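The values are calculated or read from the model by the stated rules, or taken from the named source; none is laboratory data. Owing to the predicted nature of the structure, the values given are computational and were not obtained by experimental measurement. Backbone-built Cβ (ideal geometry, glycine too); neighbour counts: all protein chains shown.
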Amino acid sequence: MSKYYQASGKSSPTSFLLFILTSVIAIPVLALAYTYLIWYIPFIYINLFITAGFGFAVGMAISHLAVKTGKVRNSTIAIIFGFLGGLFALYFSWAIWVDLVINAGESYGNSRIGITTSNIEFLQVFGLVLQPDTLFNFISEINKTGTWGIRGGTVSGTFLTIIWIIELLIILILSIIFPYLKAKAPFCEVDNKWFKEEDLPAFSFIKNTKEMVVNLENSNQNSFIGLEHISNFETESHSIFTLYSSEKGESFVTIENKLAKTNDKDEIEFE
């Protein structure tokens, strides 16, 4: 039995089909919700969090539906899924956004804050999705003129391009992180299942981590003798043991030390 878990690098052939289904079903639905939110919420700072939420949702969808269900233990494949999924998500969002611009109606508000009513036409959206040259021509025109502003000024040109790049990076990074982490999670090749993950009750802080590691490597349980359960883990330094177990008896454990410190606001935080 290996002392440390190492991913096999394998993946199920069905994972590619699952990724395609996720990309054509789940991701467009998420893109629709995201685009409507940023269209009707005229606050750029709130929209920043909405963008992060969109990237999180896309990443979790790919992680759960394609990587977990498809049993992907290859981090490179997981990264590719996340990258392509993030691009698809933004592409669908742009098709929806452009269609909202095309069908824009009445505007309400003032020069500093306002909204413009609009609704998409699904056939137009599908047409834009299937005609990338037309879509990118619209995007280019939107970049020149702008469709929204800050403090009474319309955002366009280079500044708008920078905002779009930031949006792209946020979505791509979050879309990649979660599939990657799932692919690195312990998987039992014998059971052909992901290991069952269980957080054990908090134990006392481990002062000598090197000794603990050596003892674990040598199946020596002496380091556990002095450990005690910590009930006030929200305020005291402690250690977190996460157990990964399988039906065939093989198991792994991760240990994370949590050192309690008081910040400038006299609040307890952990590092």
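Quick notes
- Identity of the residue in region 225-241, among the aliphatic types (A, V, I, L, M) and modelled with pLDDT under 90, that ends up farthest from the chain's Cα centre (by Cα): ILE225
- Residue list for region 168-179, restricted to those being surrounded by fewer than 22 Cβ atoms within 10 Å (Cβ to Cβ) and in contact with a Ser or Thr (Cβ under 6 Å, 6 or more places away or on another chain): ILE170
- With respect to the conditions (1) among the hydroxyl-bearing types (Ser, Thr, Tyr); (2) in a strand (DSSP E or B); (3) over 30 Å from the mean Cα position of the chain (by Cα), TYR244 lacks only one, and its number is (3).
- Summed over region 155-192, the residues that are among the aromatic types (Phe, Trp, Tyr) and more than 17 Å from ILE80 (Cβ to Cβ) give a count of 3.
- For region 128-150, the criterion of being β-branched (Val, Ile, Thr), modelled with pLDDT of 85 or more and either farther than 17 Å from TRP39 by Cβ or out of contact with any helix residue (DSSP H, G or I) (no Cβ under 8 Å at 6 or more places or on another chain) (or both) is satisfied by at least one residue.
- Scanning region 196-218 for any residue that is in contact (Cβ under 8 Å) with a residue 12 or more places away in the chain and under 30 Å from TRP39 (Cα atoms) turns up nothing.
- Qualifying residue in region 46-65 (condition: in the same structural domain as PHE159 (by TED's automatic domain parsing), surrounded by fewer than 16 Cβ atoms within 10 Å (Cβ to Cβ), part of a helix (DSSP H, G or I) and at pLDDT below 95): yes
- Total residues in region 8-21, condition surrounded by 17 or more Cβ atoms within 10 Å (Cβ to Cβ) and in contact with a Phe, Trp or Tyr (Cβ under 9 Å, 6 or more places away or on another chain): 2
- Neighbours by Cβ (under 9 Å, 6+ apart or cross-chain): first from region 250-269, over 24 Å from PRO201 (Cβ atoms); second among the acidic types (Asp, Glu): THR262/GLU269; ASN263/GLU269
- When GLU256 is tested against the conditions (1) modelled with pLDDT of 90 or more; (2) of a type in the set (D, E, K, R); (3) in a loop (DSSP other than H, G, I, E, B), the lone failure is (3).
- Only one entry of VAL24, VAL72, VAL29, VAL98 meets the criterion of being of a type in the set (Val, Ile, Thr), at pLDDT 90 or above, within 20 Å of the chain's Cα centre (by Cα) and surrounded by 15 or more Cβ atoms within 10 Å (Cβ to Cβ), and that entry is VAL72.
- PRO201 meets the conditions (1) within 28 Å of the chain's Cα centre (by Cα); (2) of a type outside the set (D, E, K, R); (3) part of a helix (DSSP H, G or I) in every case but one. The failed one is (3).
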